[in-house]
Amino acid sequence: CDLTNLKHLVINKGGLKTVNFDNDSILSNLESLDLSGNYLLALSFFQPLNLIELSLSENKNLNLTPNMFSGLNRLEILKLRAIKLDTSARPIDPTVFKGLDNLRILDLSRNSVQSIDPSVFSYTPKLERLDLSNNQLSNLNNEIFRHLVNIKYLNLGFNKIRSIEIPTFAYLENIETL
């Protein structure tokens with residue numbers, strides 16, 4: 001089957017456990033990939049893909065690994081909603097978003113994120129929308145948004161925020177909605 005002209009692929013709400021993209025010629029024109037609602041444990045991109053949008057939401061066992069998204073340098077939208085990301089057990093690796101220089105929208109809502117190392121966002125210089133709602137964030141230190149100078153929309157709703165250091169939002173020079 002020739003899939004070289006395929007632009008959008010949806011394989012959601014199934015029983016998918018693993019996916020390996022090791023042949024870039026078959027899916028070379030794929031722009032949108034929705035693998036949400038499966039049972040993915042890991043995902044590997046061995047060859048660069050031209051993806052613009054990737055949804056991995058509701059894969060409750062998905063492990064975010066270092067350099068996981070390398071090879072997706074055109075990616076603009078990444079949805080990681082409700083993947084049971086629990087930073088008390090294991091913090092988000094600072095290199096997980098490495099190579100996502102064009103990422104504009106990141107959804108990390110409905111997880112169990114308690115804290116985020118500011119360097120996690122150092123590889124996403126064009127990020128404009130960040131959804132951290134419905135997590136377990138309790139303290140926002142003054143460096144957490146240090147690398148988010150292009151953020152226009154930031155959702156922190158439904159967290160357990162008890163303290164915010166005064167200069168926390170100082171880096172958000174382009175913020176429109178908070």
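Using equal-weight Cα scatterers in the Debye expression, the normalised intensity of the chain in log10 at q = 0.12, 0.18 Å⁻¹ is -0.55, -1.19.
For the chain, the relative contact order works out to 14 percent when only alpha carbon pairs closer than 8 Å and six or more residues apart are counted.
About its Cα centre, the dipole of segment 20-124 is roughly 300 debye, where the only charges are +1 on Lys and Arg Cβ and -1 on Asp and Glu Cβ.
Strictly over 23 Å apart at the Cα level, which of LYS13/LYS60; LYS13/LYS98; LYS13/LYS152 would you flag in this model? Check vs 23 Å cut-off fails for LYS13/LYS98; LYS13/LYS152. Within the accessible surface of the chain, defined with a 1.4 Å probe on protein heavy atoms only, the carbon and sulfur portion equals 47 percent.
Loop-resident chymotrypsin sites (Phe, Trp or Tyr not before Pro) (DSSP state other than H, G, I, E or B) in segment 92-178 with no more than 15 further Cβ atoms inside 10 Å of their Cβ: PHE158. Taken over segment 58-153, the percentage of Cα pairs per 5 Å bin, counting from 0 up to the bin with the maximum distance, is 3, 14, 23, 31, 21, 7, 1.
Give the accessible surface of segment 79-178 per residue, rounded to a whole number of Å², with probe radius 1.4 Å and ligands, DNA and RNA excluded.
On the way: 5000 Å² over 100 residues.
Result: 50 Å² per residue.
Cα gyration tensor of segment 32-97, axes a ≥ b ≥ c as square roots of the eigenvalues: rounded (a/c below 1.5), prolate (a/b > b/c) or oblate? Because a/c hits 1.5 or more and a/b fails to exceed b/c, segment 32-97 counts as oblate.
The values are calculated or read from the model by the stated rules, or taken from the named source; none is laboratory data. It should be emphasised that the depicted structure is a prediction, and the values quoted were computed from it without experimental measurement. Here the Cβ is made from the backbone with ideal geometry for all residues, glycine too, and neighbour counts use every protein chain on show. In case anyone asks, the SASA skips ligands and DNA or RNA and just uses the protein heavy atoms, side chains included. Shrake-Rupley method; radii C 1.70, N 1.55, O 1.52, S 1.80 Å.
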